[in-house]
């Protein structure tokens with residue numbers, strides 16, 4: 001269970017971007033979070049993925065309250081999440097070949113043995129050819145780079161996936177391909193998903209339920225979340 | 001609309017990039033299409049298929065290692081052979097208005113929208129004098145539905161939608177007969193996409209000499225946006241236009257005829273949501289035959305030969321055209 005309770009968060013003191021927001025994702029559940037640009041849904045996704053410390057509120061991960069965020073979070077909590085961002089180009093180290101990009105979480109957690117096999121296996125899953133794995137980000141298209149970023153998010157076999165506008169920059173075919181990879185992974189592992197986006201048709205098709213941003217604030221909490 | 005003379009007529013346009021080591025990248029190959037006054041042509045395709053290179057070629061903004069062939073006639077002027085002086089003094093802004101991909105990056109960050117509009121008005125129109133420039137800039141903002149009370153804001157103070165309107169206002173100042181929109185909706189949410197393309201459509205239907213409207217070439221990978229406003233659709237794959245169809249027939253019945261176009265539509269979440277298998281080919285190492293054959297379930301041995309664009313589609317095994325007109329076009 002991933003529980004966000006009354007989260008208030010922002011980037012400047014006394015100017016929260018989100019205020020008293022609550023959202024729960026059950027194990028194995030896929031929840032789509034829908035909202036317009038600039039509403040704060042990405043900030044909520046960052047809090048959920050332990051990437052941004054909230055000013056107030058609690059995050060409970062599989063029954064355990066989260067006390068530390070970012071690099072201070074304990075490894076078993078940090079590695080429970082796989083995150084894919086909207087802009088693949090900004091979330092990929094330009095110096096790394098795609099194979100190293102995908103293997104980076106393995107290196108960072110000291111699991112180098114078998115890394116090459118795992119990268120090969122994931123590359124096949126996300127549809128990257130051996131030729132592409134040797135290239136750096138500037139030598140591949142946005143769609144190919146996002147495929148690598150998704151492989152990187154899956155490499156530690158996370159229990160939770162957070163996809164923040166994963167497909168907003170991509171064409172229809174690449175979108176459908178990446179969503180299929182995520183769903184195949186979830187079917188095999190039972191991982192839960194928080195997918196943030198602004199395309200209702202996509203989230204309705206992809207997720208078990210779609211929640212609109214406006215249903216998450218404290219005022220709306222009593223009425224529960226709308227199912228889409 | 002078909003009776004009108006084309007505003008832009010592209011004939012056999014090809015763009016090659018010469019890379020270090022003698023490698024050649026075929027970004028655009030043998031593109032033929034026309035855009036008429038009062039018409040919106042949507043150029044769609046996956047990222048990296050050559051769409052934006054085509055736009056750069058039309059504005060004379062290709063990098064130095066590019067080689068072009070063919071012609072792109074805007075009236076009597078060939079955009080591909082025009083010199084920089086002609087392009088900067090008579091084409092950009094005056095004959096072709098560019099609606100940019102990222103308005104926030106297109107606007108000058110340190111100046112207000114009013115100041116940028118006035119500069120553009122001074123450069124492109126006969127208006128002179130402080131009061132006249134001010135009035136003309138306000139009129140330009142109003143044409144793009146940019147609110148007058150936001151004119152003194154800087155770009156970073158605007159929402160994505162208002163920044164888009166400011167960029168559109170700048171593109172409309174010169175009253176160019178051709179609008180070129182390069183991915184005008186990337187990163188916008190759905191409501192904003194709808195509003196932005198509806199406004200572009202409004203500018204197509206109004207304006208232009210004699211009120212017959214402007215021509216709009218919209219480059220996009222957003223199929224929903226294309227369906228919303230396009231009259232015709234050109235589908236690009238691996239640098240070639242593989243299908244050129246009426247939008248109503250393409251998005252409705254009988255549907256697209258090229259297997260790639262069909263695959264793109266089937267990938268939409270409100271349709272089959274099925275991806276096209278495989279990846280697009282490298283533009284530096286295209287096969288001799290049909291570039292889509294490796295991903296196509298209709299491919300046979302004949303696909304080793306490049307299919308020409310006959311009628312509306314470049315394919316050896318197109319899906320059936322249900323109308324007589326399309327059949328006639330194919331055999332013609």
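The values are calculated or read from the model by the stated rules, or taken from the named source; none is laboratory data. All values reported here derive from a predicted model rather than from experimental measurement. Here Cβ is always computed from backbone atoms with ideal geometry, including for glycine, and neighbour counts include all displayed protein chains.
Here is how the numbers come out for the structure above:
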{"read-out": "Total residues in the range B:174-208, condition within 14 Å of another protein chain (Cβ to nearest Cβ) and free of Cβ contacts under 8 Å to residues at least 40 places away in the same chain", "value": "9"}
{"read-out": "Filtered residue count, the range A:159-170, keeping only those that are free of Cβ contacts under 8 Å to residues at least 40 places away in the same chain and either more than 9 Å from chain B (Cβ to nearest Cβ) or surrounded by 24 or more Cβ atoms within 10 Å (Cβ to Cβ) (or both)", "value": "1"}
{"read-out": "Some residue of the range A:83-104 being within 14 Å of chain B (Cβ to nearest Cβ), surrounded by 19 or more Cβ atoms within 10 Å (Cβ to Cβ) and on the phi > 0 side of the Ramachandran plot", "value": "no"}
{"read-out": "Conditions (1) surrounded by 19 or more Cβ atoms within 10 Å (Cβ to Cβ); (2) not in a helix (DSSP H, G or I): number failed by residue B:108", "value": "(1)"}
{"read-out": "The range B:283-309, residues that are within 14 Å of chain A (Cβ to nearest Cβ) and surrounded by 18 or more Cβ atoms within 10 Å (Cβ to Cβ)", "value": "B:283, B:292, B:295, B:296"}
{"read-out": "Whichever residue in the range A:105-122 is outside any loop (DSSP other than H, G, I, E, B) and without any contact (Cβ under 8 Å) to a residue 24 or more places away in the chain and, among such residues, is surrounded by the fewest Cβ atoms within 10 Å (Cβ to Cβ)", "value": "A:117"}
{"read-out": "Members of the range A:23-41 found to be touching a strand residue (DSSP E or B) at 6+ places or on another chain (Cβ under 8 Å), on the phi < 0 side of the Ramachandran plot and surrounded by fewer than 19 Cβ atoms within 10 Å (Cβ to Cβ), listed by number", "value": "A:24, A:26, A:27, A:29"}
{"read-out": "Residue selected from the range A:210-228 under the condition at pLDDT 90 or above and within 16 Å of residue A:162 (Cβ to Cβ), by the criterion farthest from the other protein chains (Cβ to nearest Cβ)", "value": "A:211"}
{"read-out": "Criterion: in contact with a helix residue (DSSP H, G or I) (Cβ under 7 Å, 6 or more places away or on another chain), over 30 Å from residue A:63 (Cβ atoms) and assigned to a helix (DSSP H, G or I) - qualifying residue of A:90, A:145", "value": "A:145"}
{"read-out": "Residue tally, condition within 14 Å of residue B:279 (Cβ to Cβ) and more than 12 Å from every other protein chain (Cβ to nearest Cβ), over the range A:126-138", "value": "2"}
{"read-out": "Residue satisfying condition, being outside any strand (DSSP E or B) and in the same structural domain as residue B:14 (by TED's automatic domain parsing), within set B:226, B:245", "value": "B:226"}
{"read-out": "Filter result for residue B:171 (away from every other protein chain (no Cβ under 14 Å), within 24 Å of residue B:33 (Cβ to Cβ), in a helix (DSSP H, G or I) and at pLDDT 90 or above)", "value": "yes"}
{"read-out": "Residue identified as surrounded by fewer than 24 Cβ atoms within 10 Å (Cβ to Cβ), over 14 Å from the mean Cα position of the chain (by Cα), farther than 26 Å from residue A:26 by Cβ and within 13 Å of another protein chain (Cβ to nearest Cβ) among A:141, A:173", "value": "A:141"}
{"read-out": "Unique residue being crowded, with 21+ Cβ neighbours inside 10 Å, more than 14 Å from chain A (Cβ to nearest Cβ) and within 14 Å of the chain's Cα centre (by Cα) when the list is B:41, B:74", "value": "B:41"}
{"read-out": "Criterion violated by residue A:195 - all others in (1) surrounded by fewer than 18 Cβ atoms within 10 Å (Cβ to Cβ); (2) under 25 Å from residue A:38 (Cβ atoms); (3) more than 7 Å from chain B (Cβ to nearest Cβ) satisfied", "value": "(1)"}
{"read-out": "Residue within the range B:220-231 that is in contact with a helix residue (DSSP H, G or I) (Cβ under 6 Å, 6 or more places away or on another chain) and at pLDDT below 90 present", "value": "no"}
{"read-out": "Among the residues listed as A:21, A:31, A:17, the single one being more than 14 Å from every other protein chain (Cβ to nearest Cβ), within 15 Å of the chain's Cα centre (by Cα) and not in a loop (DSSP other than H, G, I, E, B)", "value": "A:31"}
{"read-out": "Sole exception among (1) crowded, with 18+ Cβ neighbours inside 10 Å; (2) over 16 Å from residue B:240 (Cα atoms); (3) in contact with a helix residue (DSSP H, G or I) (Cβ under 7 Å, 6 or more places away or on another chain); (4) within 14 Å of chain A (Cβ to nearest Cβ) for residue B:101, by number", "value": "(3)"}
{"read-out": "Residue in the range B:229-246 that is crowded, with 18+ Cβ neighbours inside 10 Å and without any contact (Cβ under 8 Å) to a residue 60 or more places away in the chain present", "value": "no"}
{"read-out": "Unique residue being part of a helix (DSSP H, G or I) and either assigned by TED's automatic domain parsing to the domain that holds residue B:61 or touching a strand residue (DSSP E or B) at 6+ places or on another chain (Cβ under 9 Å) (or both) when the list is B:216, B:117, B:192, B:180", "value": "B:192"}
{"read-out": "Search result, residues across the range B:252-268 that are in contact with a helix residue (DSSP H, G or I) (Cβ under 9 Å, 6 or more places away or on another chain) and either assigned to a helix (DSSP H, G or I) or facing chain A (nearest Cβ under 9 Å) (or both)", "value": "B:259, B:260, B:261, B:263, B:264, B:265, B:266, B:267, B:268"}
{"read-out": "Residue count, the range A:190-210 (criterion: in contact with a helix residue (DSSP H, G or I) (Cβ under 9 Å, 6 or more places away or on another chain) and under 15 Å from residue A:29 (Cα atoms))", "value": "9"}
{"read-out": "Residue satisfying condition, being touching a residue at least 40 places away in the same chain (Cβ under 8 Å) and more than 26 Å from residue B:226 (Cα to Cα), within set B:26, B:69", "value": "B:69"}
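Yes or no, residue by residue, for (1) touching a strand residue (DSSP E or B) at 6+ places or on another chain (Cβ under 6 Å); (2) touching a residue at least 12 places away in the same chain (Cβ under 8 Å); (3) not in a loop (DSSP other than H, G, I, E, B):
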{"residue": "B:270", "(1), (2), (3)": "no, no, no"}
{"residue": "B:273", "(1), (2), (3)": "no, no, no"}
{"residue": "B:276", "(1), (2), (3)": "no, yes, no"}
{"residue": "B:280", "(1), (2), (3)": "no, yes, no"}
{"residue": "B:284", "(1), (2), (3)": "yes, yes, no"}
{"residue": "B:291", "(1), (2), (3)": "no, yes, no"}
{"residue": "B:299", "(1), (2), (3)": "no, yes, no"}
{"residue": "B:302", "(1), (2), (3)": "no, yes, yes"}
{"residue": "B:307", "(1), (2), (3)": "no, yes, no"}
